[in-house]
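Here's the structure we're looking at; comments come further down.
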Amino acid sequence: MSEIYFDNAATTRVSDEAARSALDVMTSFYGNPSSAHAKGLEAEHILKKARVQVISGLGYTTKDGNLLFTSCGTEASNMVFFGAYEVLGKRKNNIVISDSEHPSVENCARELERNGVEIRRIPTKGGKLDLDFAEKAIDAKTMLISCMLVNNETGAVYDIKALDAIRKRNANDAYLHTDAVQGFCKLPYSLSALGTDLISVSGHKIHAPKGVGGLFIKKGVRLPSRMFGGGQEAGLRSGTENLAGIAAFGKAVDEYMNEKSERLNTLKNLNTELRKNLSEICPYVLINSQEDFAPHILSISVPGIRSEIMLRFLSEKGIYVSAGSACSSKSADNRVLSNFGLSDKTADSTLRISFSKYNTKEETLILAKAINEGNSSLIHTV
Ligand code: PLP
């Protein structure tokens, strides 16, 4: 059975080039970047090169700040929350996030809430930040403002620049962080334009392997160490680096930079083609994502059919999509879709289709036909 993979917001296939970089590190350049001999220096060179590649992909240079390699996007955002609390928590008492954050941010906020920090959540109805709410929520007692760049369930792109403007007016010394795990390498502009102090990114969403992520820290922004040991990663995250993953991450960003407009066009065309095929073949399908959302995510609802049932039906045909976000698919948590404005009934029948450069227009047609077949043969339960 041939397979069609439309779950690229959950994770992506590693590109051949990125996989080759990892293999080269594991089998040839396997020195420890901290070793003083030639094999170590060779490894250190690879580490430095990957750091520059990821920093450049964000639109910065090494003069603007540092990129810390982590194990994943979740770890990067955890460092931000608990670090900001340690640095500013004695003087300030609240954190502002959106009401649609990924669990890697939402659950950090909940943990700090248990420590007495007030969490203020900006509504995101229809995929737009309520900036009037943000204007009132962000004040001199705010230690951290954290808002994702692209929503992992709907593809909505949030206005981080507007949050920076409010921060400058109301809370100039608060940290501004964006979880750009879904936004990195998916939008036409450079993330350096957003004005954030801190950016979380992840390798496995952009054709690098799982197990590597990064946190960009703008020059002058202070974060304490969360991991103590040999002092790697500027002393903030000790432990021998995952050099194979890091080299692959750097290579994946480099590939994206080299084929940026072609890659973004491909995603946009796949998105447009699937919308067209759905409207022609299954006009009853609701399309939740707006056209100006990120190109790689399309949220749809098939009225009456529970998403897990359609997901299983498609999976048996070798077509892989997601019900809501992969990270929350094992819990019946409609928090994000409900805040977006969907009723529980619609949210329960929502699927997330997410594209990569490896998908084709023909696959979008096969998917639309399969959804239509499922709609006629499956029992409607919602
Ligand atoms: N943030 C967003 C928006 C995500 O979609 C994800 C993963 O799905 C994460 C954070 C977590 O990233 P990682 O798997 O690298 O920890």
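Rolling a 1.4 Å probe over the protein heavy atoms gives the chain an accessible area of 41 Å² per residue.
Counting only protein chains, not ligands or nucleic acids, how are Met227, Met143 ordered by accessible area (probe 1.4 Å), most first? The partial results should precede the final answer.
Values: Met227 80, Met143 0 Å².
Per-residue accessible area, sorted high to low, gives Met227, Met143.
For the peptides 9-15, 375-381, 212-218, the ranking by packing is 212-218, 9-15, 375-381, with the highest mean count of neighbouring Cβ atoms within 10 Å listed first.
What a 1.4 Å probe finds exposed on region 16-258 is 53% carbon and sulfur by accessible area, rounded to a whole percent. Label positions at Lys168 and Tyr284, each projected 7 Å from the Cα along the C-beta direction, are separated by 5.1 nm. Applying a threshold of 26 Å to the alpha-carbon distances of Lys63/Lys161; Lys276/Lys345; Lys276/Lys357; Lys218/Lys357; Lys63/Lys357; Lys210/Lys251 flags Lys218/Lys357; Lys63/Lys357 as lying beyond it.
Lys268 contributes about 80 Å² of solvent-accessible surface, heavy atoms of the protein only, 1.4 Å probe. Accessible surface for Met257 stands near 80 Å², nearest 10, in the context of the full protein assembly shown (1.4 Å probe).
The solvent-accessible area of Leu223, taken with every protein chain present and a 1.4 Å probe, is close to 20 Å². Here's the list of aspartates and glutamates a cross-link from Lys136 could span, going by alpha-carbon distance under 18 Å and ignoring same-chain residues fewer than 8 apart: Asp99, Glu118, Asp159, Asp164, Asp173. Residue order by solvent-accessible surface for Glu106, Glu255, Glu44 is Glu44, Glu255, Glu106, largest first, with ligands and nucleic acids left out and a 1.4 Å probe.
The values are calculated or read from the model by the stated rules, or taken from the named source; none is laboratory data. Note that the structure is a prediction, hence the values are computed from the model and not measured. Cβ: placed from backbone, ideal geometry, glycine included. Neighbour counts: every protein chain shown. The accessibility values were calculated without ligands, DNA or RNA, using every heavy atom of the protein model including side chains. Shrake-Rupley method; radii C 1.70, N 1.55, O 1.52, S 1.80 Å.
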